[in-house]
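A short write-up of the structure that comes next.
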Amino acid sequence: MVDVADKLACFQAITGLEDPDLCTEILQAHGWDLELAISSFTSSNQTSASTTTSDSEPRDSLTRTESASGSALVAPPSPGLAWKLVTLPISVISGSLGLISGAVGLGLWAAGGVLSYSFGMIGLGSGRGGESSARLVSVSAAASEAIDFVAAFEREYGTRMPNFVGEGFMDALQRSRNAYKLLFVYLHSPDHPDSPVFCERTLCSEALAAFVNENFVAWGGSIRASEGFKMSNSLKASRFPFCAVVMPATNQRIALLQQVEGPKSPEEMLTILQKVLEESAPVLVAARLDAEERRNNMRLREEQDAAYRAALEADQARERQRREEQERLEREAAEAEQKRKEEEEARERAAREAAEKEAVRARMRQEKALSLGDEPEKGPNVTQVLIRFPTGERKERRFHSAATIQSLYDYVDSLGCVEVEDYSLVSNFPRVAYGPEKRSLTLEEAGLHPQASLFVELN
């Protein structure tokens, strides 16, 4: 679908027809063969024009001619260039393996679009005169031929000359396409008697060399070299010196905008090149503007993509932060719940332990209270004992004078007034502490009979 649209646009630009339906019908009638349709259209135009044009009018060698293969000259109203399509030999196309072989047609440039098509590796094809094609020229060989030509030309005619590029024809064509310039081609015939004078006085003239260097990409080749010979065949060079102005076209072709055969003065060459440049300027400007627009659109898309990626990364960062915050809160909640359970279990455990201890103390108090027996009645062998606690509480009880100091401790323990187990019973005057070593003494032996006043001292 893209190839059909390109052919339609190219046909409109070449023929100057603005009606797309009419152009479509013409192309369909010729099987969408662009060159055949152009040839048929221009042939019919030339036939009608011959009724008003004298057959005896001399042919100007500077005009662009119809190719020997039947390709017709076209003089479209816009942009006004008379040109023909030239199919390049396969060996020239395939020779520049390093070239990204996209070509831009004049019609597509006039339509405002510069479309690239890949030539790729095509291999061997039919050669000149039906013979097999010459061996493919490698990149290094094509460039080497161009470099040798430039060096020889400079040795012969000096350094004031067009800046011929030291690379193969297809690379030079690609360079002109990238620079939005036309390609100036010079085919050099070393054996032709007019070549030295033309090179010295015309090509190397200061005005012409400066004009070509400023406005064109220049490529030169000797017809003795492989690529120069093939280009002379493709461009149908019949007289030398030979110059041409070409530009890329689609489908492995170039657009021949102007060819100049035979010796010319610098003024004549400048006039011809200036005219070609003026006629092609709208096309080149449109192509440059279109490329600039595409670059701006691409830059805008890249900026929009970058902004989108930045916004997406910011959203992802916020989502990641939100998720991390949520996970942190959930983790803290789980840790708090775990801590609460552990504290609750600890409290329950402490309560159980305290209850167990209290039960043990209660049993102990009960056992010690039972071991004391009933309180004896007052009598000569009964000792009255008063015990004071740290809280200020007082307890009083009667004991047999033969009871031991341990009985007093058992009595204090049975009351449950002292929470600690390590304490001593002490008398004030004189101060005597009844520690473990005295617990086996009877009250009478300890000097506490018939009555005694003791206080509990916590150790």
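The values are calculated or read from the model by the stated rules, or taken from the named source; none is laboratory data. As the structure is a prediction and not an experimental result, all values here were calculated from the model. When we count neighbours, we look across all protein chains shown, and the Cβ atoms used for this are built from the backbone with ideal geometry, even at glycine. Protein only, heavy atoms only, side chains kept; ligands, DNA and RNA dropped before computing areas. Shrake-Rupley method; radii C 1.70, N 1.55, O 1.52, S 1.80 Å.
Let me test this: with uniform point scatterers at the alpha carbons of the range 262-324, what is the Debye-based log₁₀ I(q)/I(0) at q = 0.11, 0.12, 0.17, 0.19 1/Å? Debye intensities relative to I(0), on a log10 scale: -0.55, -0.59, -0.76, -0.81. The convex hull built on the alpha-carbon positions of the range 325-459 has an orientation-averaged projected area of 11.3 nm².
Can you find, among Val382, Ala403, Ser427, the residue farthest towards the positive end of the dipole of the range 376-429? Put +1 on the C-beta of Lys and Arg, -1 on that of Asp and Glu. Highest projection toward the positive end goes to Val382.
Of the cross-linked pairs Lys7/Lys275; Lys181/Lys275; Lys7/Lys230, those separated by over 23 Å at the C-alpha level are Lys7/Lys275; Lys7/Lys230. Heavy atoms of the protein chains alone define the surface here; on that basis the range 304-346 has 88 Å² accessible area per residue at 1.4 Å probe size.
Using a simple spin-label model with pseudo-atoms 7 Å out from Cα toward Cβ, Asp33 and Ala362 lie 12.1 nm apart.
Eigen-decomposition of the gyration tensor built on the alpha-carbon atoms of the range 213-295 gives equivalent ellipsoid semi-axes of 26, 18, 10 angstrom, largest listed first.
Eigenvalues of the alpha-carbon gyration tensor of the range 346-422, scaled by 5 and square-rooted, set the equivalent ellipsoid semi-axes at 30, 14, 8 angstrom, largest first. For the peptides 352-360, 209-217, the ranking by packing is 209-217, 352-360, with the highest mean count of neighbouring Cβ atoms within 10 Å listed first.
Taking the three principal axes of the alpha carbon atoms in the range 162-286, the coordinate ranges are 41, 31, 24 Å, sorted in descending order. For the range 381-451, the relative contact order works out to 40 percent when only alpha carbon pairs closer than 8 Å and six or more residues apart are counted. Normalised per residue, the accessible area of the range 384-459 is 54 Å², obtained with a 1.4 Å probe and no contribution from ligands, DNA or RNA. The lysines whose alpha-carbon is closer than 21 Å to the alpha-carbon of Lys236, local same-chain residues fewer than 8 away aside, are Lys84, Lys264.
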